[in-house]
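See structure below.
Throughout, read-outs are computed from the coordinates displayed, never taken from laboratory work. As the structure is a prediction and not an experimental result, all values here were calculated from the model. For neighbour counting, all protein chains shown are included, and Cβ atoms are generated from backbone atoms with ideal geometry for every residue, glycine included.
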Amino acid sequence: MKKIVCLFLLAFWNGQTQTLEQLKLETKKFYEAHYNMDFDGIASLYHPNYFEKITKEEITTKLDEQFQNDKIGIRFVFPTMNFTFGMLQEIEGKKYCVISFKNTFRVNFIDKLSEEEVQKNIASFQANPKIKSVKYEAKRNSFFIEENVIWVAVFHSSTMDNWKFIEQNPKFQSFDNLLNPEIQKQLGL
C-alpha cells in the first residue's frame, strides 16, 4: 500500500514539475513576443476569453497601433526577464498561476515634447498604480518606465491543454471580463 501511495505522489509531483516547466517556457515565449513586437505571437498566447468580443486580427492591429504609430513607439528594454511564479492552483477544474515581474520599457515620442507635455505625460503615467518609476530622457525624447506586471496563466481543455495568458492590465477589455472576479479573489488578486 505504501508503494502505491509513493508512486501516486511521485507521479503527481512529476506532473506538477512538468506543468511548471512548461509554464516557464510559455511565459518566456509570451514575454519574448512582446519584446520582439511579434503581435501574432502575443495573440496566439492570449487566453480564449480575449476573442469573445474581438478577433485575432483586430487584436494584432491594435497592438501594432499601440506599440508603433505616428506619435510614439513603445519598446521593452530588456530581452530577458526574471519572473516570479505563484503556486499552481486548481480552481473549478482549471489550473492557474499568477506570474509577476518588473517590466522596463521606453515610450519614444516622434515629435519633440515641450516641458508642459513632458510634465503632463509624467503625471499620466504616474496615475497608473502599477507604474513604479518614470524618467524623461530628453536626449532620446522618451520616457523610461518601470512597471509591476501581473499575468495570470490558465491551463485547461478550453485552452487546448496549453498555458494561455491574461494580462491584469489588459488593452482590449476589462480584467473582470477576462477573469471571473471570484477566481481573482481566490488567486489573491
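Observations on the model:
- Using the Karplus relation 6.51 cos²θ - 1.76 cosθ + 1.60 with θ = phi - 60°, the per-residue 3J(HN,Hα) values for the range 143-156 come to 10, 9, 10, 10, 9, 7, 10, 10, 10, 10, 9, 10, 10, 5 Hz, with x marking Gly and Pro.
- Derived from the Cα gyration tensor, the three semi-axes of the equivalent ellipsoid of the range 41-111 are 28, 20, 8 Å, largest first.
- When Rg and the Kirkwood Rh are both derived from Cα coordinates, the Rg/Rh ratio for the chain amounts to 1.05.
- Pairwise centroid distance, computed over Cα atoms, of the range 17-37 with the range 94-125, Å: 22
- A Förster distance of 22 Å, applied to the separation of the beta-carbon atoms of T104 and D161, puts the FRET efficiency at 0.10.
- Partner lysines for K28 [C-alpha distance under 17 Å; skip if fewer than 8 residues away on the same chain]: K102, K164
- Comparing E26, E92, E57 in a Gaussian network model of the chain (Cα springs below 10 Å), the most mobile by mean-square fluctuation is E92.
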